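Visitor: Can you keep this structure in mind? I'll have questions shortly.
The values are calculated or read from the model by the stated rules, or taken from the named source; none is laboratory data. Treat the numbers as computed from the prediction; the structure is a model and nothing was measured. As a convention, Cβ positions derive from the backbone with ideal geometry for all residues, glycine included, and neighbour counts pool all protein chains shown. Each accessible area value is taken on the protein alone, full model and side chains, heavy atoms only, with ligands, DNA and RNA left out. Shrake-Rupley method; radii C 1.70, N 1.55, O 1.52, S 1.80 Å.
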Amino acid sequence: MNFKRIQWIFLFAFLLFDLIVAGSLFLQNRFTITSNAPNRQEVILKEMRADEITSVPLSNHAQSGYYIAGTRSGKNGELGQQADKLRDQSYHFNTDELASDLETGVKVDPKHPDKRLNRLVNDDHSIALGSHYKYDAQLSDRRTVVYTQQLADRDLKSPDGQIRFRVNSNHEVLGYTQTYLAGARILRPKADTISQRHAVTWLYKHNLIPNNSQVRWAELAYTKLLNTSSHNQAVYVPTWIIEVRTKNDDTVQQLRVNAFNSTIMRSTPSSVNTSSLGK
């Protein structure tokens with residue numbers, strides 16, 4: 001066996017060894033990251049219990065969603081076109097919001113208003129585009145029953161896609177307002193989100209969940225991320241919405257966490273050109 005051949009054998013052996021070591025380190029680091037995250041969350045959950053914070057059961061499973069762009073529809077858009085079918089009511093548009101007064105009040109059960117209103121919402125002559133909305137018990141109360149538009153199989157918890165029924169003291173619906181998000185389009189392929197548990201522990205870690213409080217619910221829905229620079233569009237992103245009640249004074253607040261990157265979301269979105277998101 002000549003010297004040059006021996007050199008090639010040693011070179012190949014060293015390359016193979018480097019690949020094995022690199023692969024082992026990658027798998028070890030990946031395992032460390034994925035295994036330590038749940039353990040860290042368990043520690044934070046114990047700290048929350050020590051601070052007398054109670055919570056609904058929290059899932060540690062990642063979910064998925066999209067970046068979605070859409071335009072709020074008005075009188076000259078899809079909502080206005082479908083409103084031409086409405087009967088037994090008088091309506092008008094305030095910019096891109098439809099406001100309607102029913103000719104006859106609709107009696108509802110205060111505990112289950114959706115039992116009666118579902119029939120109204122699914123009737124094209126009563127509610128325009130009603131099949132795109134679903135009853136939202138979390139946003140409703142005794143004076144306002146809210147239906148949220150569905151976006152990529154999730155609730156759009158935004159004023160840009162809601163029906164809000166007004167309920168009087170006799171449990172009658174006398175009218176409603178409606179907004180509709182039209183032309184929804186996916187900007188990027190589906191991606192994983194953080195888990196429900198991650199979102200709640202993240203808020204606690206940033207001192208946004210006070211001591212002696214209760215996490216009442218945590219739901220993944222679409223909310224507005226930012227406004228775009230063209231055609232009055234906006235971008236919507238999967239968001240963990242967490243409702244927290246302070247036990248001492250019954251104060252209730254809804255906190256929001258971007259489910260893609262854990263950013264704590266503020267109420268006023270910024271502006272951006274969507275061309276970069278579509279890449």
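Visitor: Do any trypsin sites (Lys or Arg not before Pro) in segment 71-102 lie in a DSSP loop with no more than 16 other beta carbon atoms within 10 Å, and if so, which?
Guide: Passing sites in segment 71-102 are 75, 85, 87.
Visitor: Would you mind putting 111-124, 234-247, 41-54 in packing order, based on average other-beta-carbon counts within 10 Å, highest first?
Guide: In descending order of packing, they fall as 234-247, 111-124, 41-54.
Visitor: Heavy atoms only, probe 1.4 Å: what % of the accessible area of segment 72-182 goes to carbon and sulfur, would you let me know?
Guide: 42
Visitor: Moving on. How large is ³J(HN,Hα), in whole Hz, for each residue of segment 61-72 in order, when computed from phi with the Karplus curve 6.51 cos²θ - 1.76 cosθ + 1.60 and θ = phi - 60°, using x for Gly and Pro?
Guide: In residue order, the calculated couplings are 8, 5, 10, 8, x, 10, 7, 10, 10, x, 10, 5 Hz.
Visitor: Rounded, prolate or oblate: pick one for segment 72-182, where a ≥ b ≥ c are the square roots of the eigenvalues of its C-alpha gyration tensor, a/c under 1.5 means rounded, and failing that, prolate if a/b is larger than b/c, else oblate. It would help to have the intermediate numbers written out before the result.
Guide: Details: a/c = 1.73, a/b = 1.20, b/c = 1.44.
Oblate shape, in that a/c is at least 1.5 and b/c is the bigger or equal ratio.
Visitor: Could you pull out every one of the lysines with an alpha carbon less than 18 Å from that of residue 46, ignoring same-chain neighbours closer than 8 positions?
Guide: 205
Visitor: Determine the alpha carbon to alpha carbon distance for each of 85/107; 107/190; 75/134; 107/247; 75/111 and list only those over 31 Å.
Guide: 107/190; 107/247; 75/111
Visitor: Let me ask something else about it. What are the aspartates and glutamates whose alpha-carbon lies under 20 Å from the alpha-carbon of residue 115, with same-chain residues fewer than 8 places away excluded?
Guide: Counting by Cα, and skipping residues close in sequence, residue 115 has these aspartates and glutamates nearby: 123, 124, 136, 141, 155, 172.
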